[in-house]
């Protein structure tokens, strides 16, 4: 009587001395695997065995059972040949059953092989690993092992780098082509991040319900007005309206200021970042004076009365004029623009959020973190690619800004400002015709 196929653990004598080699036979597949390997290796071996069974199932569905002579079958068995599938961030070799058509003699693709050999999971895994902080040099080490008996490739530094570049290059086109008409913006923050001495300028929008939206990015050799105007022109081309007022929060860059004014004119309400202003003033003072002066600036910027805040700043500049004229000039430079939000009379919580560039600074921090492993920067396209990837990742974790419930007050002030501007334009038109 023939012995039935084992379906439990079996023990066989090994060839190396007294060492016993234990093998585990997978029920239904009759494939022996070595349980001394790690669980990941066992799972890989079992998974590949299951895949081979599925591929053979596909062949049986097309050709019928072995030695079948049915005329209803659509294909003929055509042996096997090496092929590759995607597994755990690498390409793994498998034997592919082959089938050819009875009528045309062309090869028929197996459905399960098409699914298993798709490249998309490999690309997605590569991007995920690199954004998690794994360098391309250590990509292979970061992957789970698949066992010594499995032949794999596509884990080298150059292969991982090529996949990452190709995947992220596609993101740039989609990111830069997004339409903006549907966004009800009330504020925009613009700042630059340097990659090896060359900046990428980013624009972050804040919607009426408090959500943050990365609007656009542009690379330039320097952070000049022309680069910033090109960024704003791109936003306008994609649907950003210029016929209604918008609050712009800037870090004090003259190039950004000029670009915003040139593009939006009087529709732009510019708020200078008070944190940058305080930092700039401190840089012009000796250490023994920095704390006292900064306390006065902080008191002024936390005030709710514009005239009181302005008086504090003017008096502080007058006090510093004799001994530290550069610090006094720094306080006076753009003084009224540091009080723009205060003049709008917004509630304190939202006012504190909109008087600094902290929201866009957090975006820049994520971009900087995601690109920290890059040691050699090759051109503006590479800088822009990393900035887009970092911005896309940051966007996933964005939360609404602090005080977002009070943004309705900002929207009302912007409408009032538009009404005043439109009224003046109407009066000028009447006087010109009258």
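The values are calculated or read from the model by the stated rules, or taken from the named source; none is laboratory data. All values reported here derive from a predicted model rather than from experimental measurement. Glycine also receives a Cβ, built like all others from the backbone with ideal geometry; neighbour counts cover every protein chain displayed.
General remarks:
- Every residue from segment 209-229 that is crowded, with 16+ Cβ neighbours inside 10 Å, in contact with a strand residue (DSSP E or B) (Cβ under 9 Å, 6 or more places away or on another chain) and under 25 Å from residue 382 (Cβ atoms): 213, 214, 215, 216, 217, 218, 219, 220, 223, 227, 228
- Index of the failed condition, residue 188 passing every other in (1) assigned to a helix (DSSP H, G or I); (2) within 21 Å of the chain's Cα centre (by Cα); (3) under 23 Å from residue 422 (Cα atoms): (1)
- The helices (runs of 4 or more DSSP H) falling completely within segment 318-434 include none with 1 or more residues that are under 25 Å from the mean Cα position of the chain (by Cα), over 18 Å from residue 191 (Cα atoms) and outside the structural domain of residue 194 (by TED's automatic domain parsing).
- Evaluated against (1) at pLDDT below 90; (2) surrounded by fewer than 19 Cβ atoms within 10 Å (Cβ to Cβ); (3) in a helix (DSSP H, G or I), residue 255 falls short on exactly one condition, (2).
- Residues considered: 51, 26, 42. Of these, the only one that is at pLDDT 55 or above and in contact with a helix residue (DSSP H, G or I) (Cβ under 9 Å, 6 or more places away or on another chain) is 51.
- Being loosely packed, with under 13 Cβ neighbours inside 10 Å, in the same structural domain as residue 85 (by TED's automatic domain parsing) and closer than 25 Å to residue 59 by Cα is a property that residue 128 lacks.
- For residue 88, the conditions (1) more than 48 Å from the chain's Cα centre (by Cα); (2) modelled with pLDDT under 75 are fulfilled apart from (1).
- Of all residue pairs spaced 6 or more apart or on separate chains, those with beta-carbon atoms under 8 Å, a first member in segment 133-144 that is closer than 17 Å to residue 370 by Cβ and a second member that is at pLDDT below 80 and not in a loop (DSSP other than H, G, I, E, B) are 134/142.
Okay, residues lined up against (1) buried (at least 17 other Cβ atoms within 10 Å of the Cβ); (2) out of contact with any helix residue (DSSP H, G or I) (no Cβ under 8 Å at 6 or more places or on another chain); (3) farther than 20 Å from residue 203 by Cα:
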{"residue": "318", "(1), (2), (3)": "no, no, yes"}
{"residue": "322", "(1), (2), (3)": "no, yes, yes"}
{"residue": "327", "(1), (2), (3)": "yes, no, yes"}
{"residue": "330", "(1), (2), (3)": "yes, no, yes"}
{"residue": "342", "(1), (2), (3)": "yes, no, yes"}
{"residue": "356", "(1), (2), (3)": "yes, no, no"}
{"residue": "379", "(1), (2), (3)": "no, yes, yes"}
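- Residue within segment 243-251 that is over 31 Å from the mean Cα position of the chain (by Cα), assigned by TED's automatic domain parsing to the domain that holds residue 314, within 25 Å of residue 193 (Cα to Cα) and not in a helix (DSSP H, G or I) present: no
- Residue in segment 162-169 that is surrounded by fewer than 18 Cβ atoms within 10 Å (Cβ to Cβ) and either modelled with pLDDT under 75 or not in a helix (DSSP H, G or I) (or both) present: no
- Remark: residue 128 falls outside the filter, which requires a residue to be in contact (Cβ under 8 Å) with a residue 60 or more places away in the chain and outside any strand (DSSP E or B).
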